[in-house]
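The values are calculated or read from the model by the stated rules, or taken from the named source; none is laboratory data. Quick caveat: nothing in here was measured; it's all calculated off a predicted structure. Positions of Cβ are generated from backbone atoms using ideal geometry, with glycine treated the same way; all protein chains shown enter the neighbour counts. To get the accessible areas, we keep the full protein, side chains included, count just its heavy atoms, and leave off ligands, DNA and RNA. Shrake-Rupley method; radii C 1.70, N 1.55, O 1.52, S 1.80 Å.
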Amino acid sequence: MKLLFEKSVKGSNFFRFPLQNLPVIDLQETIPEEHWRTSDLGIPELSEAEAVRHYTELSHRAFGVDDGMYPLGSCTMKYNPKINEWAASLPGFANIHPYQKTYTVQGALELLYELQIMLSVIGGMDRFSLQPAAGAHGEMTGIMIVRAWHQSRGDHKRNVILVPDSAHGTNPATASVVGYKVREVKSNADGRVSLDDLKEKLGDDVAGLMLTNPNTLGLFENEILEISRLVHEAGGLLYYDGANLNAIVGVARPGDMGFDIVHYNLHKTFATPHGGGGPGAGAVGVKKFLIPFLPSPIVVKSKDGFYNLDYDRPKSIGKVKTFFGNFGVCVKAYTYIMSLGGEGLKEVSQHAVLAANYIKHHIAEDYDIPHQGICKHEFVATSEKQSEQGIRTLDIAKRLMDFGYHPPTIYFPLIVHEAMMIEPTETESKERLDNFIAVLKKIAQECRENPELVKSAPHSTVIGRVDETRAARNPILKYQE
Ligand SMILES: *Cc1c(COP(=O)(O)O)cnc(C)c1O
C-alpha cells in the first residue's frame, strides 16, 4: 500500500474556502518578511475523496474487537457496547469545557460523583479519584499515596516496594518511577505468592506490596487474608492492581481482602475501546484513612445537592492529570455499570470465568497447561507439547491470525516458559468459543503433521512475519530525511 506522500499529486487539493463575503487578509502583509517560508511545505496533496479512501483502506487492515475475537490475556479486550459511545457523545457531555463554572456542568459533576460511589461499592473502598489516565498511571498515583502516607507519619525509612515475580511489568516500573527499590517475591509451585518468601522479604524498610488478584496466571490468591495480615503487621500498605477485576466484580471485593489502595482499569473491566494508545482511565480508590492524600480536586456534594470541586486538601499528592482525567471514559464506564446493574455485573464475571475454563478444559489434551485446576477469567498454556517439532508459542500465535483471531498474549507472565495467556472475556458466544477451540486443535494437529506451515505463518495477512523488535528499536517516523 502506498503512503499518502507517494499518492500526492501537486495541485490536486481543490478545496477552497468560499471567500466572497469574508474580509480578505493579506497574510504576507501582516507577517514580517523574515518569517516567510522559503521552502515547500512538503505535505501531501490529495483530493478529499482520495484521502478518505486512503484511511478507509488502512482501517481495513487493522484488527479490532469489532472484527473478531481478541483473546489477549490480561488486556480484557471485550466487546464494547455501542450505547456507551452514544452516551459519551451526548452534547451535554461532549461539548462542555472544564473551565465552565460548576453551576453550568452539574450533570457532568453528578456523573463523576456517582461513578466514584459505584466504584467504591464494587471494590469495598471508601473514595475514588477518577483523574489517572490509565492503569499504569493509577499505579503511580497509588504508590505516591503510599509514600505520602508513610511520610505524613514521619516514617522515612521505608524505601522498598514488594512485587511478585508474576506481576505485570508496570508494577516494578511504577515503584521505581516513584523512587522505590523493587524487591521481588517468588511464586510457589502452584503459581501463587509464596508465603515463606513473603515473610523473608518483609521488613521495616517495606512501604507496601503491589498485587493483582486473580494474578496474571488467572489464579486467585487464596491466602490473600494472610498476605494482608503479614504486610500490615510489618507496617506496609497493600496495593491492588485491578486489571483483573473483571474476574471478581460482584463476587468479591479487594477492600474486603485487606487492600488499602486500588486502581481499576475502567477501559478493561468497564468496557471502553483500548489498545493502540488509549484513551483509558485508571480510577484510584482508597480506604478512609487515605482519602486526604487522593489527587485534587475531588467532586463533593453539598447538603443542598449542589456538586462542587474541593481543592482545599492540604495532604493531597496534588494533580496527576489535567482537569478531571479522561471524562469520556468515565461516561462510558458509568453507562456500562448502569445498563448492567448489580446482577448484570456479577454475571459478567461469572461468564468471563466460565468462558476461560471452557476453553482451558477443551484444549487441555492439545496444549500443556502448567497450572491445573479452576482458573478465573484467563489462563496460561504453553507450546511445550509442540516443542519437539521445533515450534514455539510465537508460531502458534502467528498461525491463529490466519483463522481470523487476534493472537493471545505471549511470553507473559515471565515465570512461565513459552507462555500463551488466553482471556476470552464474557462477550464471546458459545459458538465463537467452540470455533476458537476447534482452531487451536487444528493448529495442534498441523504442528504434528505439517510443522513448516505453522512456522512460516501467517499466510493470509497483508504482511507476513515481521521483525518483532525492529519497529520499536529502529523507528522511522519520517517519510523523507
Ligand atoms: C493492563 C495492565 C496494567 C496496566 O494498565 P494500562 O491501563 O495498560 O496502563 C497493569 N497490570 C496488569 C495486570 C494489566 O493487565
*Within the set of pairs 6+ apart or on separate chains, which have a first residue in the stretch 67-94 that is over 18 Å from residue 269 (Cβ atoms) and open to solvent by less than 70 Å² (accessible area, probe 1.4 Å), a second that is of a type in the set (Asp, Glu) and within 16 Å of the ligand (Cβ to nearest atom), and C-beta atoms under 6 Å apart?*
none
*With (1) at negative phi; (2) within 16 Å of the ligand (Cβ to nearest atom); (3) assigned to a loop (DSSP other than H, G, I, E, B) as the list, and residue 191 as the residue in question, which single condition is left unmet?*
(1)
_Any pair with Cβ under 9 angstrom, 6 or more apart, that starts in the stretch 47-63 at a residue that is touching a residue at least 60 places away in the same chain (Cβ under 8 Å) and under 19 Å from residue 273 (Cα atoms) and ends at one that is among the polar types (S, T, N, Q) and surrounded by 11 or more Cβ atoms within 10 Å (Cβ to Cβ)_ = 61/461
*Could you figure out which of (1) of a type outside the set (D, E, K, R); (2) more than 11 Å from the ligand (Cβ to nearest atom); (3) open to solvent by 30 Å² or more (accessible area, probe 1.4 Å); (4) closer than 23 Å to residue 266 by Cβ isn't true of residue 170?*
(2)
*Is there a residue being of a type in the set (S, T, N, Q) and surrounded by 20 or more Cβ atoms within 10 Å (Cβ to Cβ) anywhere in the stretch 286-299?*
no
_Members of the stretch 267-298 that are within 16 Å of the ligand (Cβ to nearest atom) and closer than 22 Å to residue 310 by Cβ_ = 281, 282, 283, 284, 285
*Please specify each residue of the stretch 130-167 satisfying the condition of being within 16 Å of the ligand (Cβ to nearest atom), outside any helix (DSSP H, G or I) and buried (at least 17 other Cβ atoms within 10 Å of the Cβ).*
130, 131, 132, 133, 134, 161, 162, 163, 164, 166, 167
*Restrict the check to the stretch 61-68 and report whether at least one residue is assigned to a helix (DSSP H, G or I) and either out of contact with any helix residue (DSSP H, G or I) (no Cβ under 7 Å at 6 or more places or on another chain) or at positive phi (or both).*
yes
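Would you check which residues across the stretch 183-206 are small (Gly, Ala, Ser) and open to solvent by 40 Å² or more (accessible area, probe 1.4 Å) and list them?
So in the stretch 183-206, the residues small (Gly, Ala, Ser) come out as 187, 189, 191, 194, 203.
Hit for the stretch 183-206 is 189, nothing else.
To keep it simple, each residue is scored yes or no on (1) at pLDDT 90 or above; (2) more than 20 Å from residue 70 (Cβ to Cβ); (3) within 26 Å of the chain's Cα centre (by Cα).
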{"residue": "445", "(1), (2), (3)": "yes, yes, no"}
{"residue": "449", "(1), (2), (3)": "yes, yes, no"}
{"residue": "460", "(1), (2), (3)": "yes, no, no"}
{"residue": "472", "(1), (2), (3)": "no, yes, yes"}
*So how many residues does the stretch 116-129 have that are in contact (Cβ under 8 Å) with a residue 40 or more places away in the chain and part of a helix (DSSP H, G or I)?*
6
*In the stretch 181-210, how many residues are in contact with a helix residue (DSSP H, G or I) (Cβ under 7 Å, 6 or more places away or on another chain) and not small (Gly, Ala, Ser)?*
11
*Mind listing whichever residues of the stretch 110-129 are within 16 Å of the ligand (Cβ to nearest atom) and surrounded by fewer than 21 Cβ atoms within 10 Å (Cβ to Cβ)?*
none
*Is it the case that residue 227 is away from the ligand (no atom under 16 Å from the Cβ) and open to solvent by less than 10 Å² (accessible area, probe 1.4 Å)?*
yes
